[in-house]
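So the structure is just underneath, and the comments pick up after that.
We did not get these values from a lab; they are worked out from the coordinates using the rules stated. A quick note: this is a predicted structure, and the numbers were derived from the prediction, not measured. Heads up, the Cβs are rebuilt from the backbone with ideal geometry, glycines too, and the neighbour counts pull from every protein chain shown.
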Amino acid sequence: MAEISFPLPDLGEGLIEATVLEWLVSPGEQVERNQPLVEVETTKSAVELPSPQAGKVVRIHGGPGDKINVGEPLIVFEVPDNTAGIVGTVPKEEAPKRRVRLSAVLDED
Amino acid sequence: MSNSILESTSGESTAMSADKPVSVTVMSMQQALNRALDEVLAENPKAVIFGEDCGRLGGVFRITDGLQARHGAQRVFDTPLAESGILGMSVGLAMAGFHPIPEVQFDGFAYPAINQIVCQIARMNYRSRGTMPMPITLRVPSFGGIRAPEHHGESLEALFAHVPGLKVVSPSNPHEAYHLLKYAATRPDPVIFMEPKSRYWQKGEVDFAADGDAPTGSKVMREGRHLTLVAWGAMVSRCLQVAELAAEDGIDIEVLDLRWLKPIDAAGLAASVRKTRRAVVVHEAPLTSGLGAEVAQLITQSCFDTLKAPVERVTGFDVPYPSGDLEDEYIPNIDRILFGIQRVLEYKRG
């Protein structure tokens, strides 16, 4: 398994920090891409941050009221090594299916 | 730093044959490519690997996993998100005597680097009267099949093959991936190495020794008498499935893995189709001016007198590569390939 850290992104217009209001996920939880992770408050507004990826939450940084600087770790995910960072999905290996049958009289000249 | 891609390889079985040791390992294409790159770095001190996320993360597909930890951040490193810069730096490194092995993270990201590839990499050796060879191995995770967004499923082989000075190759399974990459990374010329990303996770036997199995030209993956399916990359395994199904109908199909898309193995094509006298070429790229046209012409040139029917093409469509939900309608599927075969089988001379 590989760990992937997601730092607090710049939430717009050069903001340098945000305050954690409420975590919506907890360590050990499996999250999906775009699932809301945390509600944070900046000097402009309160926003929910969607998860950048699917994975298991390993660690969260900061509790309610704590300030986190942009670029500092916010949350760490654990993902299987061979799919870490992948865009798209691993194709399933399926038994071949057909609807077309071949018919031919082959002259073996 | 995790080396798990390499370490999770299932146990290497080293058996003794009659006269020499045979080393065959079952691994995924990811692992085979990773191992090939690891060996290239160990064997050639001038080899360097770089690209977006290639260093610390080990690549979005884990192909360079663990290589930075083993070979150092001077030889395996991350670049900015700027493909033109990645390939421009490759030109400079090659001029300075290095063997760059850059990665463009996805096929569609090669477009911003086309100027460096076509105007510099492909012709620097020609321009300099052979004094500035460009030993660059450009790895491009290619083709579709993983339900990814735009620019992540395209087939650029015809674009690259059209450029004088470039060589183009695509492996179809882990064994081919290991040997073709090791070979490509020792060439004095630029090679575009197109990795079929939908096959990265599929495991297969890799014979590391593979004596007598030249990494050049095409390769017959299944012998047959009635018709030759010509394919490369991810389409080879699909054609092998089609051949199994066709056998149920009494049709004996040969599957030719073209492997090298520039230069194309005209002699290998001729040898196969002279025997079967029928051919269908299958590719994911759009039909018009696709490599299938080149293959059809080469077959016609060498086998015109004995062909039973015109060469058929089963390909993607002349549209931008669709989003993931429509992928299965775009990539040649088993039924479309079977229809192509049927059209050839029932062709009657007028």
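How long are the three semi-axes of the equivalent ellipsoid of segment B:219-345, in whole Å, if each is the root of 5 times an eigenvalue of the C-alpha gyration tensor, listed from largest down?
Numbers: eigenvalues 95, 57, 32 Å².
Here the semi-axes work out to 22, 17, 13 Å.
Around B:SER142, which amide H atoms from residues at least 5 apart in sequence, or from another chain, sit under 5 Å from its own amide H, with H modelled in the peptide plane?
So B:SER142 has HN proximity to B:GLU195, B:LYS197.
How large is ³J(HN,Hα) for each residue in segment B:133-148, as worked out from phi by the Karplus curve 6.51 cos²θ - 1.76 cosθ + 1.60 (θ = phi - 60°), to whole Hz, x for Gly and Pro?
Here the 3J(HN,Hα) series is x, 10, x, 10, 10, 8, 7, 10, x, 10, 6, x, x, 10, 6, 9 Hz.
If you take the Cα Rg of segment A:2-83 and divide it by 2.2 N^0.38 Å, with N the number of residues, what do you get?
Relative to the rule-of-thumb radius for its length, segment A:2-83 sits at 1.05.
Give the relative contact order (percent, whole number) for segment A:2-83; include only Cα pairs under 8 Å separated by 6+ residues.
41
Residues with amide H under 5 Å of B:ALA185's amide H, sequence separation 5 or more or different chain, H placed in the peptide plane at 1.01 Å from N; which?
So B:ALA185 has HN proximity to no qualifying residue.
Give the residue from B:LEU326, B:PRO310, B:GLY350 lying farthest towards the positive end of the charge dipole for segment B:236-350; charges sit on Cβ (+1 for Lys and Arg, -1 for Asp and Glu) and the dipole is referred to the Cα centre.
Among B:LEU326, B:PRO310, B:GLY350, the one farthest towards the positive end of the dipole of segment B:236-350 is B:GLY350.
Quick one: 3J(HN,Hα) in Hz for segment B:221-226, Karplus 6.51/-1.76/1.60 with θ = phi - 60°, rounded, Gly and Pro as x.
Taking θ as phi minus 60°, the curve returns 8, 7, 8, x, 10, 9 Hz for segment B:221-226.
Give me the dipole magnitude in Debye, nearest 20, for the protein assembly as shown about the Cα centre, with unit charges on the beta carbon: positive for Lys and Arg, negative for Asp and Glu.
So the magnitude is around 1620 debye.
Determine, from the Cβ-Cβ distance of A:SER26 and A:LYS92 and an R0 of 30 Å, the FRET efficiency 1/(1 + (r/R0)^6), rounded to the nearest 0.05.
Details: r = 31 Å, r/R0 = 1.02.
Given R0 = 30 Å and the Cβ-Cβ separation, E is 0.45.
Tell me, B:ASP305, B:ASP107 in order of fewest to most beta-carbon neighbours within 10 Å?
Working: B:ASP305 7, B:ASP107 23.
Neighbour counts put them in this order, fewest first: B:ASP305, B:ASP107.
Measuring from a point 7 Å past the Cα of A:THR19 along Cα-to-C-beta, which residues in segment A:64-79 have an amide N at less than 12 Å?
A:64-68
Nearest 20 debye, what's the magnitude of the dipole of chain B about its Cα centre given +1 on Lys and Arg Cβ and -1 on Asp and Glu Cβ?
About 1040 debye.
Considering only chain B, what is the antiparallel percent among its DSSP beta bridges, to the nearest 5?
30
Hey, fewest Cβ within 10 Å first, where do B:CYS54, B:CYS303, B:CYS239, B:CYS119 land in order?
Placing the least packed residue first, the sequence is B:CYS119, B:CYS303, B:CYS54, B:CYS239.
For B:TRP260, B:TRP232, B:TRP201, what's the fewest-to-most ordering of other Cβ within 10 Å of each Cβ?
B:TRP201, B:TRP260, B:TRP232
Running Debye on segment B:4-207 with equal point scatterers at the Cα sites and no solvent, what base-10 log of I(q)/I(0) appears at q = 0.07, 0.09 Å⁻¹?
Each listed q maps to, in turn, -0.20, -0.32.
Indicate, rounded to the nearest 5 percent, the antiparallel portion of the DSSP beta bridges found entirely in the protein assembly as shown. Show your work: numbers first, answer last.
Details: 38 of 68 bridges.
Bridges in the protein assembly as shown are about 55 percent antiparallel.
Express the Stokes-Einstein translational diffusion coefficient of segment B:47-163 in µm² s⁻¹, to the nearest whole number, given a Kirkwood radius over alpha-carbon pairs, 20 °C and a viscosity of 1.002 mPa s.
147
Expressed as a rounded percentage, what relative contact order does segment B:89-146 have, with Cα pairs under 8 Å and six or more residues apart?
50
Just to check I understand the Karplus step: with θ = phi - 60° and J = 6.51 cos²θ - 1.76 cosθ + 1.60, what whole-Hz values come out for segment A:35-43, glycine and proline as x?
With coefficients 6.51, -1.76 and 1.60, one gets 5, x, 9, 7, 9, 10, 10, 10, 5 Hz.
Using Stokes-Einstein with the Kirkwood hydrodynamic radius over Cα pairs, what translational diffusion coefficient do you get for chain B at 20 °C and a viscosity of 1.002 mPa s, in µm²/s rounded to a whole number?
In µm²/s, the coefficient rounds to 103.
How big is D for the protein assembly as shown, in µm² s⁻¹ as a whole number, if Stokes-Einstein is applied with the Kirkwood radius of its Cα pairs at 37 °C and 0.692 mPa s?
D, rounded to a whole number, is 137 µm²/s.
Under the rule of at least 5 residues apart or a separate chain, name every residue whose amide H is placed under 5 Å from the amide H of A:VAL38.
A:LEU24, A:LEU49
Can you give the charge dipole size of segment B:219-345 about its Cα centre, rounded to the nearest 20 debye, using +1 on the beta carbon of Lys and Arg and -1 on the beta carbon of Asp and Glu?
Approximately 640 debye in magnitude.
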